[in-house]
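Here's the structure, in structure tokens; my notes come after.
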Amino acid sequence: MRSLTLGTSLTLSPSSSTPTPSSKSPLSLLIKQPPPFFPPSPRVSNESSIPRFGACRATQVVDLFPTVSPEIVVREARLEDCWEVAETHCSSFFPEYSFPLDFVLRVDRLVGMLSGFSIPPGCRRTCLVAVIGGSVGDTFLFGTEDFKIGGFDGKFSLNKGYVTGILTIDTVADFLPRKGPLRQRRTGIAYISNVAVRERFRRKGIAKRLIAKAEAQAKSWGCRAVALHCDLNNPGATKLYKDQGFRCINVPEGANWPQPKTAPNVKFNFMMKLLNTPSTTA
């Protein structure tokens with residue numbers, strides 16, 4: 001099939017059905033073929049070859065529209081979060097474990113969370129999670145607020161997100177000094193534990209968000225203070241808590257205050273922060 005240059009018209013000759021170009025010059029009968037098109041060879045562009053102005057290239061699009069980090073949402077943990085909570089806890093506190101011990105440890109932690117959360121009468125316990133990729137409103141929820149297993153909400157969501165950090169807060173007071181000669185359980189103080197953030201999501205303010213949510217939860221329970229234990233060999237965590245208003249409490253000499261049950265050589269700072277709530281009986 002022949003191709004015609006732009007602007008050439010065709011007429012039919014009486015003696016032939018073959019179309020010929022109509023022109024005053026006989027040279028116009030010669031229809032020139034357009035020159036062959038050869039696509040330019042691909043070229044790898046570098047930073048110096050990218051024009052700063054003019055047509056936008058793909059690499060410029062990346063520079064002009066950087067990736068936006070999804071929003072972090074802090075909420076109460078639900079049953080659907082159990083495995084990710086156990087995974088976050090074990091990978092943060094026991095990073096030296098490898099397969100299959102790490103898997104066994106996660107399963108043990110999962111079973112412990114579901115069956116070992118025994119709460120004395122009148123006490124509260126909640127596991128908070130920081131999730132990425134979930135919606136703030138949590139529109140699609142199934143279940144009731146009254147159904148709980150341990151510290152987990154019994155509701156399910158269709159857009160739960162990915163767990164990046166965890167925190168547990170309770171009023172059980174297992175690790176708080178007892179009150180009086182009868183060693184009664186202390187009330188009015190919420191205790192924070194198991195604060196952990198996945199390694200690739202650290203230094204993004206997630207721990208601060210979890211602590212702020214825990215303080216708000218303690219206020220809603222009527223607590224006047226929050227307390228926690230921090231490893232002496234973790235100066236980063238100590239600075240984090242001090243920046244949030246926590247202060248180290250000196251343990252009286254000879255006092256046998258309870259501490260978390262971890263490695264025997266680990267020593268802790270006992271830290272506390274007062275909340276702006278009406279005072280309650282201690």
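All of the numbers you see were taken from the coordinates with simple rules; none came from a lab. The structure presented is a predicted model; accordingly, all values stated were derived computationally and were not measured. Note: ideal-geometry Cβ built from the backbone for every residue, glycine included; neighbour counts use all protein chains shown.
Residue pairs exceeding 20 angstrom between C-alpha atoms, taken from 213/242; 204/239; 208/273; 179/208; 179/242; 213/267: 179/208; 179/242; 213/267. Length gained on full extension, residue 266 to residue 185, computed as 0.36 nm times the residue gap minus the Cα-Cα distance: 26.7 nm.
Ranked by the mean number of other Cβ atoms within 10 Å of their residues, highest first, the peptides 76-88, 245-257, 161-173, 211-223 come out as 161-173, 76-88, 211-223, 245-257. Name the shape class, rounded, prolate or oblate, that the alpha-carbon gyration tensor gives for the stretch 203-282, where a ≥ b ≥ c are the square roots of its eigenvalues, rounded holds for a/c under 1.5, and otherwise prolate holds if a/b is larger than b/c and oblate otherwise. In terms of gyration-tensor shape, oblate.
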